[in-house]
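S.K.: Quick one: this structure, given as structure tokens, is what I'll be asking you about.
The values are calculated or read from the model by the stated rules, or taken from the named source; none is laboratory data. Only a predicted model underlies this, so the values are computations on that prediction, with no experimental measurement involved. Glycine gets a Cβ as well: all are built from the backbone with ideal geometry, and neighbour counts include every protein chain shown.
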């Protein structure tokens with residue numbers, strides 16, 4: 001079958017999709033991908049590819065390394081897809097949290113090199129924010145957004161804030177913030193009838209006010225990064241609307257650090273526009289799983305390994 005570009009969207013994963021071994025088979029089988037991994041090692045002054053392929057897992061899970069690893073893997077998959085299937089062109093791109101930067105680079109809004117440097121800076125600053133203001137995150141299953149917004153407001157006070165960080169799909173929401181407020185919220189969600197509440201193994205409260213300690217530095221990094229208008233619209237995490245100008249991209253990246261990832265709204269908006277097929281580009285299949293929970297009828301495939309490319313051939 002042939003999918004029209006306006007019916008096809010590429011999705012780019014964020015933190016949580018990394019795994020030891022990511023990208024190794026791709027680099028082995030495709031010289032263009034191997035070249036990109038080698039270029040990343042050179043730019044970062046470290047053997048990122050070795051960490052991705054051999055671990056240790058603890059080091060790969062350090063946000064300092066996780067973010068560039070996911071970015072490089074996604075862009076390597078994009079390069080192979082462009083080489084192998086030049087006619088497979090999406091009408092829009094979307095990325096979850098860190099994946100939004102991968103989407104911007106894939107849309108031609110920045111070079112691989114400039115995007116990687118900004119991703120690395122993002123990881124450094126977020127790690128630093130976690131050291132300055134340790135916080136936490138938790139996944140809550142079985143409560144909707146209005147209920148969680150109300151619970152987070154009740155659990156927060158002037159000095160300790162918790163808020164919805166990721167609206168991933170109906171029935172799966174991540175909350176984030178100061179540890180005391182997070183603990184109060186977890187008590188309240190159980191009283192409200194949540195099916196499960198799972199604290200995440202992180203010390204960084206992503207997409208919360210605890211990122212404010214590094215906001216000024218990240219804003220400066222975003223302003224300094226060379227961007228051009230994307231060749232393909234990129235869906236904003238912050239507004240769930242398409243971004244088509246450089247100003248759109250910069251404003252979103254700056255706001256995204258402390259704002260909610262509106263993933264359910266983003267996918268529903270694309271479905272409402274007639275999108276029928278989603279391809280997850282990079283490590284794992286987290287976003288494909290979320291897609292099926294948002295709309296069981298949506299067609300989603302994940303491409304991260306050479307064997308996955310056969311799925312693209314069918315399109």
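S.K.: Report yes if some residue within the stretch 53-69 is more than 21 Å from residue 117 (Cα to Cα) and outside any helix (DSSP H, G or I); otherwise report no.
M.R.: Taking every residue of the stretch 53-69 in turn, at least one turns out to be more than 21 Å from residue 117 (Cα to Cα) and outside any helix (DSSP H, G or I).
S.K.: Within the stretch 266-293, count every residue that is more than 30 Å from residue 31 (Cα to Cα) and crowded, with 19+ Cβ neighbours inside 10 Å.
M.R.: Number of matching residues: 6.
S.K.: Select from the stretch 211-243 the residues that are out of contact with any helix residue (DSSP H, G or I) (no Cβ under 6 Å at 6 or more places or on another chain) and crowded, with 16+ Cβ neighbours inside 10 Å and list them in ascending order.
M.R.: Within the stretch 211-243, 215, 230, 232, 233, 239, 242 meet the criteria.
S.K.: Moving on. Could you list, in sequence order, all residues of the stretch 188-204 that are in a helix (DSSP H, G or I), at pLDDT 95 or above and in contact with a strand residue (DSSP E or B) (Cβ under 9 Å, 6 or more places away or on another chain)?
M.R.: Once the filter is applied, which keeps residues that are in a helix (DSSP H, G or I), at pLDDT 95 or above and in contact with a strand residue (DSSP E or B) (Cβ under 9 Å, 6 or more places away or on another chain), the stretch 188-204 yields only 189.
S.K.: Still on this model: Which residue out of 34, 103, 109, 40 is in contact (Cβ under 8 Å) with a residue 60 or more places away in the chain, assigned to a helix (DSSP H, G or I) and closer than 30 Å to residue 277 by Cα?
M.R.: 103
S.K.: Output yes when any residue across the stretch 140-153 is in contact with a helix residue (DSSP H, G or I) (Cβ under 7 Å, 6 or more places away or on another chain) and in a strand (DSSP E or B), and no when none is.
M.R.: Yes: one or more hits.
S.K.: Right, something else. Go over the candidates 156, 176 one by one and state the one that is closer than 17 Å to residue 127 by Cβ, modelled with pLDDT of 95 or more and not assigned by TED's automatic domain parsing to the domain that holds residue 111.
M.R.: On inspection, the qualifying residue turns out to be 176.
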